[in-house]
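Down below is the structure, laid out as structure tokens.
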Amino acid sequence: MRRQMHMASARTRALSRRPVLYSALAAGLTVGLAGPMVAGNDAPVPVPAVSDADFHHDGAPREAMVALGRALFFDKILSGNRNISCATCHHPAHASGDGVSLTLGEGAAGLGPERAAGPDQPVLGRVPRNSQALFNVGAREFVRMLHDGRVELDTTGSLPSGFWTPAREQLPPGLDSALAAQALFPVLSNVEMAGHQGENEIADAIAVNRLGGPDGAWDLLAQRLRAIPDYVALFSAAYPEIEGPDGITYVHAANAIAAFETVAFRADASPFDLYLRDPDANPLPEAAERGMALFYGEAGCAACHSGSLQTDQGFHAIAMPQIGPGKGDGADDSYWRETGFQRRLEDFGRYRVTFDPADLYHFRTPSLRNVALTGPWGHAGAYATLEAVVRHHLDPIAALEAYDIDQAVLLPAATVIERSGTGSELRFGPVNPARRADHALRDGWVQQTAALRQQIADASELPARDLSDAQVADLIAFLHALTDPTSRELDHLVPATVPSGLPVAD
Ligand code: HEC
Ligand code: HEC
């Protein structure tokens, strides 16, 4: 009801603000069902089927690389305090994500919705964005990684590494892909894997921006690996050219992790994939077929969710609610004035990379393979049901206005560490219990602040669209037809042990 009350005015606003884009989207309506025909069948196929050639290493990296990458992906040795692995946030049991809106990174304990921070597990705060699922990230078309694309293939030849990343010139050469380059960054994030200055040698190197080169953060991680005989054996098998432990670098590790991700999280056996390969032999269930026609037609979804993996690999603003600590963007200091905590809470998305005002609040269009498995949805995990995130698209501004943070899956964070002072006065200590409530206000601050909500609404380029409940149900049936059944059960990916001997349970 509340949604409908907002609808008319929000639609008028959306239309008047972005007339040009609206017509672009309207044009998108007609492209959908005009795709290539399959011989002997007059059912239109909206996009080409995915094949091996679409993936790095043509979908078949050397097995020894995959084996090494798997060990590293599950090994906490890559975190400063040896207490979190890539898999903690990208776990097979949670569809290569973690099943929560915004996870708690290094310091916390437990997996997925069971994860928590307590007196013995202090954290630096919530991770500001939803852990992305890794399905099909090994596809070559992923040239800009993360919600804002800040790890990006450089086609201009300006950087020796071949990639634009936050590490700029410090990024080492030799990385196979943007996916491999991405694996250099979680280990640098204090809140995700590194821990804070003063706790370990990795965090200390990061604090002085010593990332590349000897004794830089990545070399310190490689030093840990060189000291473990089982890793030396795995690296030698994966890279015959490495001569002894000294040849091991973090670049080798990153390329291996990418090889593992490419194989482990490939998902192209959904009913939709089978349909694309042979529509005659593999018709979709009727509701899903109607949903597909809507998706590539009247509902306009394919204007952004285009291509075989249902993403244009571009960035769009669709007024997605932002919850949690954000990325520290913007000029709004209302939270600081109200609570005294030094923190700006906005997340400007793609603008953080390009500084182009037209990119404010733009986030990368997610691929929709396996989307039914990968909730919560949205860059900050604001929506806990697939239906809610689909309905958001039908009237984005009204949905933003009506958003209720109670639906978010936010883990208990009883003990949060705050940084105070600078230089020799730098301290890290638990937030005063009497101030915890003020601290927690940050989770919903942007949503509750009308001016900040308005900025998100103003940037939106997605017009409202009238669809009946039956049409929404059909769209959702189509989204379910994007689930690869082999992705439902990925436990076989979890190794019993890892070379460091550290526990793999979470
Ligand atoms: C504490 C949780 C956490 C840990 C640990 C973590 N990630 Fe992530 N991962 C995230 C979040 C959150 C994002 C989205 C971040 C953003 O957009 O700023 C992400 C994004 C990614 C992406 C981008 C996917 C895409 O579609 O662009 C890849 C790939 C990835 N992670 C791989 C890894 C690897 C490899 C490791 C270990 C070296 C790792 N992650 C460790 C939380 C985590
Ligand atoms: C204007 C471009 C655009 C159009 C049109 C569009 N989407 Fe999206 N969609 C996005 C972007 C961008 C996101 C991620 C936004 C964010 O997280 O801030 C998204 C997110 C989603 C998600 C959540 C995915 C996830 O992993 O969190 C679903 C599901 C989805 N869209 C389905 C649809 C459907 C169904 C339609 C048609 C009714 C549609 N989209 C139309 C751009 C678009």
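The values are calculated or read from the model by the stated rules, or taken from the named source; none is laboratory data. Predicted model only: the values in this text are computed from it and were never measured. Backbone-built Cβ (ideal geometry, glycine too); neighbour counts: all protein chains shown. Surface areas here come from the heavy atoms of the whole protein model, side chains and all, with no ligands, DNA or RNA. Shrake-Rupley method; radii C 1.70, N 1.55, O 1.52, S 1.80 Å.
Observations on the model:
- Which numbered condition Pro495 misses (of (1) open to solvent by less than 20 Å² (accessible area, probe 1.4 Å); (2) in a helix (DSSP H, G or I)): (2)
- Restricting attention to the stretch 373-421 and to residues that are within 14 Å of ligand 2 (Cβ to nearest atom), among the β-branched types (Val, Ile, Thr) and in contact (Cβ under 8 Å) with a residue 60 or more places away in the chain, the residue that is surrounded by the most Cβ atoms within 10 Å (Cβ to Cβ) turns out to be Ile397.
- Odd one out for Ala505 among (1) modelled with pLDDT of 95 or more; (2) open to solvent by 70 Å² or more (accessible area, probe 1.4 Å); (3) part of a loop (DSSP other than H, G, I, E, B): (1)
- Only one of Glu286, Glu298 that is free of Cβ contacts under 8 Å to residues at least 24 places away in the same chain and either in contact with a Pro (Cβ under 8 Å, 6 or more places away or on another chain) or over 30 Å from Val123 (Cα atoms) (or both): Glu286
Results for (1) surrounded by 15 or more Cβ atoms within 10 Å (Cβ to Cβ); (2) within 19 Å of Gln342 (Cα to Cα); (3) of a type in the set (Gly, Ala, Ser), shown as yes or no for each residue.
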position: Arg427; (1), (2), (3): no, yes, no
position: Val431; (1), (2), (3): yes, yes, no
position: Ala434; (1), (2), (3): no, yes, yes
position: His439; (1), (2), (3): yes, yes, no
position: Arg442; (1), (2), (3): yes, yes, no
position: Val446; (1), (2), (3): yes, yes, no
position: Thr449; (1), (2), (3): yes, yes, no
position: Ile456; (1), (2), (3): yes, no, no
position: Leu462; (1), (2), (3): yes, no, no
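- Scanning the stretch 221-253 for residues that are farther than 22 Å from Arg210 by Cβ and among the β-branched types (Val, Ile, Thr) returns Ile228, Val232, Ile242.
- Number of the exception - Thr311 against (1) more than 12 Å from ligand 2 (Cβ to nearest atom); (2) touching a His at 6+ places or on another chain (Cβ under 9 Å); (3) within 30 Å of Arg140 (Cβ to Cβ); (4) in a loop (DSSP other than H, G, I, E, B): (1)
- Check on Pro46, surrounded by 15 or more Cβ atoms within 10 Å (Cβ to Cβ), at pLDDT 90 or above, more than 19 Å from Ala183 (Cα to Cα) and more than 23 Å from the chain's Cα centre (by Cα): yes
- Residue count, the stretch 346-370 (criterion: crowded, with 23+ Cβ neighbours inside 10 Å and part of a helix (DSSP H, G or I)): 0
- Residue within the stretch 131-153 that is of a type in the set (A, V, I, L, M), within 8 Å of ligand 1 (Cβ to nearest atom), touching a Gly at 6+ places or on another chain (Cβ under 9 Å) and open to solvent by 10 Å² or more (accessible area, probe 1.4 Å) present: yes
- Considering Arg343, Arg337, Arg290, the condition of being at pLDDT below 95 and either open to solvent by 10 Å² or more (accessible area, probe 1.4 Å) or outside the structural domain of Ala399 (by TED's automatic domain parsing) (or both) is satisfied by Arg343 alone.
- Set Ala203, Ala178: member being under 21 Å from the mean Cα position of the chain (by Cα), within 16 Å of ligand 1 (Cβ to nearest atom) and open to solvent by less than 30 Å² (accessible area, probe 1.4 Å): Ala178
- Restricted to helices (runs of 4 or more DSSP H) entirely inside the stretch 382-455, those with at least 1 residues that are of a type outside the set (Asp, Glu) and under 23 Å from Leu124 (Cβ atoms) are 436-440, 442-448.
- Residue list for the stretch 94-113, filter: open to solvent by 20 Å² or more (accessible area, probe 1.4 Å), in contact (Cβ under 8 Å) with a residue 60 or more places away in the chain and either closer than 20 Å to Gly349 by Cα or not in a loop (DSSP other than H, G, I, E, B) (or both): Ala109, Pro113
- Selection from the stretch 77-93 of residues that are surrounded by fewer than 23 Cβ atoms within 10 Å (Cβ to Cβ) and part of a helix (DSSP H, G or I): Ile77, Pro92, Ala93
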